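Scroll down for the structure; my scribbles are underneath it.
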Amino acid sequence: MPETQRNLEGRVALVAGATRGAGRGIAVQLGARGATVYVSGRSTAGRRSEYDRPETIEETAELVTAAGGRGIAVVADHLVHAEVEALVGRIDAEQGRLDVLVNDIWGGENLFEWESPVWEHDLDKGLRILRLAVDTHAITSHFALPLMLRRPGGLVVEVTDGTAEYNADNYRVSFFYDLAKSAVLRMAFALGHELGPRGATAVALTPGWLRSEIMLDHYGVTEANWRDALEKSPHFAISETPAFVGRAVAALAADPEVSRWNGQSLSSGQLARVYGFTDLDGSRPDAWRYLVEVQDPNLPADTTGYR
C-alpha cells in the first residue's frame, strides 16, 4: 500500500500527547493519509510544560496540515478530567465521530533517577511518573471511547516502550519505568477484551530506538547528521525516525482487517514487514529483533539484515 495513498480521508483521529516524538510522528503520518487529526498536549506557544522544551502542540497541528490532512491543536492536560472531557466534547460537536485514538501521553523522562532502586528513588517523582504514564491513558480512554464506539471499526493504539515479550523477560532500567511501560501493554490487552465484542480494536505499539527531538539533543546531533552519534553509541545505528511508528499507525488505521491484531503487542519494525511501509530513508529498521540478537548479547554493532 503506497505510503502516500489518501485512504484515511473522512476519518477523525485524536493523538493524545502529540507535542513531540512519537506522538508528533503519528499525527503527521495520519495527516499524510488525509485524516483530520486532533492533537493534544500541554506545551503551547504561550506556556511550556514541565519538560521545558520548545516544541508546541500548535506546531504539530501545522505539520499535520502541511502533510495533507487537517491538524487541530487542543491544549489539554490529560490528568485533568474536565479538560479531557471538554476535548472529546469538542470532537463530538465538530465531527460527530472518532475513528482512531492514540494514547501517547508520557512526560516522565526528567523525573527518573535511573540508577536508584525504588527505596532510594524520590517517591513523589516516581508516583508522578506513574500518573503521567498510566492515569493519563485511562482518563483519556474513559472519556473518548463512548464517542468511538458509536461506529464500528474504531482503533485504539496504546504507545509504549518495549514489546510484551521483551518486557516480560527484561528489567527496563528502573522500577518506575518498568512498571509504567508494562502497565500500558496490559492496558491494550484489557481494552482488547472490552472493545473487541463491541466492534473496535485495541493494540499496544512500540517504536524502536526513536530519534526524537529529546534523543537527538541528548547526542548533540540533528536528524541531518544523526550518524555522528554512532561514535559515542554504535547501536544507535538501528534507530528510526518518528515517521516510522507514525506510518505503522496509519497502516493499522487503514487496514479493514485490523481486528486481527486486537489485544496484541506490536512493534514498528514488525508491522513494516507486514504492511510494506518504510522509514524516511527507505529502510525498515527492526530494532527489537536487533536488541535481542545483537545489542543485548554485546555483539559489535552491525545492522546488516536488521534495516
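Over all directions, the projected convex hull of the C-alpha atoms in the range 239-307 averages 5.0 nm² in area.
Considering only 78, 137, 121, the Gaussian network model of the chain with Cα springs below 10 Å gives its largest mean-square fluctuation to 121.
With both residues required to sit in the chain, DSSP beta bridges show an antiparallel share near 5%.
Normalised Debye scattering of the range 1-102 at q = 0.14, 0.20, 0.25 Å⁻¹ gives log10 I(q)/I(0) of -0.47, -0.93, -1.32, counting only Cα atoms as equal scatterers and leaving out solvent.
The base-10 log of I(q)/I(0) for the range 124-187, evaluated at q = 0.12, 0.21 Å⁻¹, reads -0.37, -0.86 [Debye formula, identical scatterers on Cα atoms, solvent excluded].
Modelled spin labels at residue 119 and residue 53, positioned 7 Å past Cα toward Cβ, are 3.4 nm from each other. Distances between placed amide hydrogens fall under 5 Å for residue 73 paired with 39, all partners being 5 or more residues away or on another chain.
Largest GNM mean-square fluctuation among 227, 24, 33, using the chain with Cα springs under 10 Å: 227. For the range 188-307, the convex hull spanned by the alpha carbon atoms encloses 114 Å³ per residue. Hey, how many Å between the Cα centroid of the range 139-161 and the Cα centroid of the range 256-307? Cα centres, the range 139-161 to the range 256-307: 25 Å.
One compactness figure for the chain is 0.94, namely its Cα radius of gyration divided by 2.2 N^0.38 Å.
Projecting the Cα atoms of 300, 271, 258 onto the dipole axis of the range 258-307, where Lys and Arg carry +1 and Asp and Glu carry -1 at the beta carbon, places 258 farthest toward the positive end.
Here the Gaussian network model covers the chain, with springs between Cα atoms less than 10 Å apart; of 58, 158, 94, 94 fluctuates the most. In sequence order, the range 13-21 has phi-based couplings of 10, 10, 9, 8, x, 10, 5, 7, x Hz under the Karplus curve 6.51 cos²θ - 1.76 cosθ + 1.60, θ = phi - 60°, and Gly or Pro positions carry x. What's the FRET efficiency of residue 9 with residue 278 using the Cβ-Cβ distance as r and R₀ = 22 Å, to the nearest 0.05? So the FRET efficiency works out to roughly 0.50. A helix-only calculation puts the chain at -11500 deg cm²/dmol for mean residue ellipticity at 222 nm, using -39500 (n - 2.57) for each DSSP H run of at least four residues, averaged over all residues. Averaging over all projection directions, the Cα-based convex hull of the range 99-242 occupies 9.9 nm² in the image plane. From the Kirkwood radius over Cα pairs of the range 50-152, Stokes-Einstein at 4 °C and 1.567 mPa s returns a whole-number translational diffusion coefficient of 83 µm²/s.
Take the convex hull of the alpha carbons in the range 47-98; its mean projected area over all directions comes to 4.4 nm².
Every number here is computed from the coordinates shown, using simple stated rules; none is lab data. Given the structure is predicted, the values throughout are model-derived calculations rather than measurements. FYI the Cβ positions are ideal-geometry reconstructions off the backbone, even for glycines, and counts take in every protein chain you see.
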